[in-house]
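Quick notes on the structure that follows.
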Amino acid sequence: MHLDVLVAEIGSTTTVVNAFQNIHADGSQARFVGQGQAATTVLEGDVTVGLRNAIENLKQNILAVELTWDEMLATSSAAGGLRMSVHGLVFDMTVRAAREAALGAGAIVKLVTAGKMRLSDLTRVQNLNPNIILVAGGVDYGERDTALHNFEQLARARVQAPVIYAGNVENVDDIRNLADVARIKLYVVENVYPKVDLLNVEPARKVIQQVFEEHIVHAPGMTTVREMVNGPIIPTPGAVMEAAKLLRNEIGNLMVFDVGGATTDVHSVTEDSEDISHILLSPEPTAKRTVEGDLGVYVNLQHVVEKITREKLKEEFPDTEELISNAKPIPESAREKEFIGRLAREATLTALERHAGRLRSVFVLPGKKTIAEGKDLTGVKYIIGTGGALTRLPLREQILGAVLSHGAGEELYPKSSAITLFDNDYIMASLGVLSKKYPQAALALMKKSLQID
């Protein structure tokens, strides 16, 4: 069988390959052919082993003796994904803007510093060995010293990672000179916080994904994957965000939950409601992502168990200890699926709490005033589940439906009228990377998977 495009998703626990045909022209005839999956083989020293196993599984699933394709694209979050450190001026302003840019691109932000970096900060950067470093600071034509100081410190430390500068435009010439002398691979983008109360994160997000492609060194064997792939490779969470943004332009404000083996990601693409925008303390990006590194249903299963507590779990599952000790990347028995479903529900609701903003009362003369902090989700029309847990578990409707009744009223959660949808074909991340070259086909395939007319 011959395919137009094969997309590989190399995750922390499983590797999935999705096959597509008829993706050219207007995309109206685009077809999802089938899917294969296998365990990711980071521990074996080469993720291409798992990739080839997934391709063999695909061949079995679609009854193909031989399989060829025109293009292979890929996403990756193996071995911790795209590790970044972010360095800015004021935490609630430029640092937060830079962090939003990094997270929205699919990065795992491992280190954040605000203000002028100290020796201890440099040591932490060196110990982290990030894949990318992002330096910001100062609105355009405002404060200059902090970003220059931080870049000078990184240059003196001879950091090996590429550096993205997204700060005060007045510093660009000095930053370029410092990078040339220190032989740092530098990317300059527009300021992520050019004016007070204005976020500008999309230019930085695009470059982060570009740098990821150019410096794909995140797991053993990824260089071989790069040789196999003749199209884009982007971080898996960034691919989900690309898909979410494309879909939002078609159907309206939405949010996406992706419960995985290692993390739970939440993506929201929504404007603030008119009522909330007037009382919002500081701006939020339209497209926001949060990644919860302690909320996973396999690699980080123990953290979710502790969040619920073993005592409560044992009330529902007397065989809790046995289920924990026998946990698999992909649950098999009905009992295992029920247990992982309970963990997935906890991960989903906890991730919602961390992603969403809330209302808060403050006392000012002559009385009390209500303000809003964080991301406003009240305008969300659709709540989408993707990833293994929220597409394959039998209790997925109950898991995602719990979002609609969660909270005490002060939280800026979606309203109960929001509609839940599921990425039935489990292809949202693949469609995000596919949309880089074939946006019309990606949109048509996404609507089919979500069963949207």
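The values are calculated or read from the model by the stated rules, or taken from the named source; none is laboratory data. Just so we're clear, the structure is a prediction, and the values are computed from it rather than from any experiment. No Cβ is skipped: glycine too gets one built from the backbone with ideal geometry, and neighbour counts run over all protein chains shown.
Going by what's in this entry, would residue 91 be described as surrounded by fewer than 18 Cβ atoms within 10 Å (Cβ to Cβ), among the hydrophobic types (A, V, I, L, M, F, W, C) and on the phi < 0 side of the Ramachandran plot?
Details: surrounded by fewer than 18 Cβ atoms within 10 Å (Cβ to Cβ): yes; among the hydrophobic types (A, V, I, L, M, F, W, C): yes; on the phi < 0 side of the Ramachandran plot: yes.
Against the criterion (surrounded by fewer than 18 Cβ atoms within 10 Å (Cβ to Cβ), among the hydrophobic types (A, V, I, L, M, F, W, C) and on the phi < 0 side of the Ramachandran plot), residue 91 qualifies.
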In the set 250, 271, 190, the lone residue that is closer than 26 Å to residue 348 by Cα, in a loop (DSSP other than H, G, I, E, B) and not small (Gly, Ala, Ser) is 271
Does segment 281-299 hold any residues that are under 22 Å from residue 204 (Cβ atoms) and either out of contact with any helix residue (DSSP H, G or I) (no Cβ under 9 Å at 6 or more places or on another chain) or not in a strand (DSSP E or B) (or both), and which are they? 282, 283, 284, 285, 286, 293
Residue match in segment 138-145 (condition: under 16 Å from residue 91 (Cα atoms), in contact with a strand residue (DSSP E or B) (Cβ under 6 Å, 6 or more places away or on another chain) and in a helix (DSSP H, G or I)): no
Just one of the numbered conditions (1) in the same structural domain as residue 16 (by TED's automatic domain parsing); (2) surrounded by fewer than 18 Cβ atoms within 10 Å (Cβ to Cβ); (3) out of contact with any Gly (no Cβ under 7 Å at 6 or more places or on another chain) is not true of residue 51; which one? (2)
Within the bounds of segment 181-193, is there any residue that is under 29 Å from residue 10 (Cα atoms), touching a Pro at 6+ places or on another chain (Cβ under 9 Å) and of a type in the set (Asp, Glu)? no
Which of the numbered conditions does residue 390 fail, given that it passes all the others? Conditions: (1) more than 23 Å from residue 259 (Cβ to Cβ); (2) touching a residue at least 60 places away in the same chain (Cβ under 8 Å). (1)
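Quick grid of which residues meet (1) in contact (Cβ under 8 Å) with a residue 40 or more places away in the chain; (2) farther than 14 Å from residue 87 by Cβ; (3) among the acidic types (Asp, Glu):
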site: 124; (1), (2), (3): no, no, no
site: 135; (1), (2), (3): yes, no, no
site: 144; (1), (2), (3): no, yes, no
site: 148; (1), (2), (3): no, no, no
site: 153; (1), (2), (3): no, no, no
site: 165; (1), (2), (3): no, no, no
site: 172; (1), (2), (3): no, yes, no
site: 182; (1), (2), (3): no, yes, no
site: 194; (1), (2), (3): yes, yes, no
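Identify, please: which residue in segment 134-153 is out of contact with any His (no Cβ under 6 Å at 6 or more places or on another chain) and buried (at least 24 other Cβ atoms within 10 Å of the Cβ) and is, among those, farthest from residue 204 (Cα to Cα)? I'd like the intermediate steps shown before the answer.
As a first pass, look at segment 134-153 and keep what is out of contact with any His (no Cβ under 6 Å at 6 or more places or on another chain): 134, 136-149, 151-153.
Filter once more, keeping what is buried (at least 24 other Cβ atoms within 10 Å of the Cβ): 134, 136-138, 146-147, 151.
Values: 134: 9, 136: 10, 137: 14, 138: 15, 146: 19, 147: 16, 151: 17 Å.
By that ranking, first place goes to 146.
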